[in-house]
Amino acid sequence: MLSELKSEILHEVILRRPDDSHKGNFGRVLLIGGNIQYGGAILMATQATVGSGAGLTTVATDLINLTALRSRTPEAMFVDWRNDEQLTTAIQTNDVILIGPGLGTDEFATQLVRKVLASVNKDQILIADGSALTVMAENNLTFPRDTFTVATPHQMEWARLSGVQLNYQDNHQLNEVQRQILNLDVLVLKQHHTLIYTETEQKQLQIGGAYQATGGMGDVLAGIVAGFAGQFKANATKAVEAAVYAHSAIAQEMAGHSYVVKPTFIADSLPNYMARIQSNL
Ligand SMILES: NC(=O)C1=CN([C@@H]2O[C@H](COP(=O)(O)OP(=O)(O)OC[C@H]3O[C@@H](n4cnc5c(N)ncnc54)[C@H](O)[C@@H]3O)[C@@H](O)[C@H]2O)[C@@H](O)CC1
Ligand SMILES: Nc1ncnc2c1ncn2[C@@H]1O[C@H](COP(=O)(O)OP(=O)(O)O)[C@@H](O)[C@H]1O
Ligand SMILES: [Mg+2]
């Protein structure tokens, strides 16, 4: 049964931090993406992961993005994605791995996706977005069974991955494909009024609008999902739901005075928004 994803999810998930906590308590998050063409995507995701409060954020990307990354989000650490030793260590030592924003679909991107799918373990959370999903579809790859996995496709990406075309993406088929073929734990099927499918529930976001229809909006969502999954890992499914809700709630608030909402504005508004949620304002 489809139920509405309500604002209460924010209050369940975004709690006051204990005074004696440190960055190690709020998740080590690794973001992988950003080729020469799509470097902006991984920069936007990074800005959102840091803004959403991840304890430690590392970005594995093309060397060409280093200066931009350092100047936009110096809080994040950098790994050259062609340095296999550093990349392997980063994959092994992070709690959450997001792969896909601006990754591209060439041979190198495909190798990276294969490496990540083969390397993650049962204590990690894997989030796949954008190009990673297209690469998985093109190569018939499935998610690892023992890892908690989240996919954030838009409808076209889901059509490629599931084989279910847009007009037929109804609840029953989504669940079957998701659980039995892909080994996916949470599917965030992005669209106007995004759907979230878990093993037991199907929820629909009923906020947000066309002011979000701009490139980079999904990259920022993926970054928030990763940041929340790392930080609020006691219940990863709820963390994903809260991320989806917060992303559109911030956009909706900004739409009161912005015809189009820039994805990076959402990333930068997260700390303030989360403080207001925590204080019940
Ligand atoms: N500044 C950047 O570097 C940007 C990089 N991007 C990256 O570009 C790569 C390709 O992603 P794209 O999504 O552009 O390309 P895709 O080829 O995956 O799909 C894009 C097309 O799907 C169609 N579509 C159907 N239903 C849709 C829905 N509900 N939502 C969105 N699109 C829908 C649209 O016509 C759209 O042109 C990804 O890695 C992505 O992360 C994009 O995020 C755009 C911004
Ligand atoms: N008309 C709309 N109403 C509500 N949300 C929208 C609308 N158009 C786009 N979005 C949201 O914007 C995001 C777009 O994601 P995606 O297509 O992956 O963007 P990109 O890859 O360019 O970053 C999704 O979260 C989607 O739900
Ligand atoms: Mg996208």
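Read-outs throughout are calculated quantities, based only on the coordinates presented, and are distinct from any laboratory measurement. A quick note: this is a predicted structure, and the numbers were derived from the prediction, not measured. Virtual Cβ from ideal backbone geometry, glycine too; neighbours counted across all protein chains shown.
General observations
- Percentage relative contact order, the chain, counting C-alpha pairs under 8 Å, at least six apart: 24 percent
- Stokes-Einstein, applied to the Kirkwood radius of the chain over Cα pairs at a viscosity of 1.002 mPa s and 20 °C, places its translational diffusion at 116 µm² s⁻¹.
- Modelled spin-label separation between residue 276 and residue 206, with each label point placed 7 Å from Cα along the Cα-to-Cβ direction: 2.1 nm.
- Between the amide H of residue 102 and those of 34, 131, distances stay under 5 Å, these residues lying 5 or more places away or on another chain, with hydrogens modeled in the peptide plane.
- If the segment from residue 17 to residue 138 were pulled out straight at 0.36 nm per residue, it would be longer than the present Cα-Cα gap by 39.3 nm.
- Whole-angstrom Cα spans of the stretch 142-281 along principal axes, big to small: 42, 34, 21
- Working from label points 7 Å from Cα in the Cα-to-Cβ sense, the residue 179 to residue 68 distance is 4.2 nm.
- Compared with the alpha-carbon gap, the fully stretched path from residue 213 to residue 85 is longer by 42.3 nm at 0.36 nm per residue.
- Tail beyond 13 Å, pair distance distribution of the stretch 99-164 (Cα, percent): 58 percent
- Cα-based radius of gyration for the stretch 35-89, normalised by 2.2 N^0.38 Å, reads 1.06.
- When the charge dipole of the chain is built from unit charges on Cβ atoms (+1 for Lys and Arg, -1 for Asp and Glu) and taken about the Cα centre, the candidate among 151, 169, 51 whose Cα reaches farthest toward its positive end is 51.
- Note on the stretch 55-208: the alpha carbon radius of gyration divided by the globular reference 2.2 N^0.38 Å gives 1.07.
- Estimated vicinal HN-Hα couplings, Hz - the stretch 111-125 in sequence order (Karplus 6.51, -1.76, 1.60; Gly, Pro = x): 4, 5, 4, 4, 4, 5, 4, 7, 9, 5, 10, 6, 8, 9, 10
- Overall, the chain carries a charge dipole of about 320 debye about its Cα centre when +1 sits on the Cβ of Lys and Arg and -1 on the Cβ of Asp and Glu, all other atoms neutral.
- Per the Cα gyration tensor, the stretch 1-124 maps to an equivalent ellipsoid with semi-axes of 26, 18, 16 Å, ordered largest to smallest.
- Applying 1/(1 + (r/R0)^6) with R0 = 45 Å to the Cβ-Cβ distance of residue 108 and residue 8 gives a FRET efficiency near 0.55.
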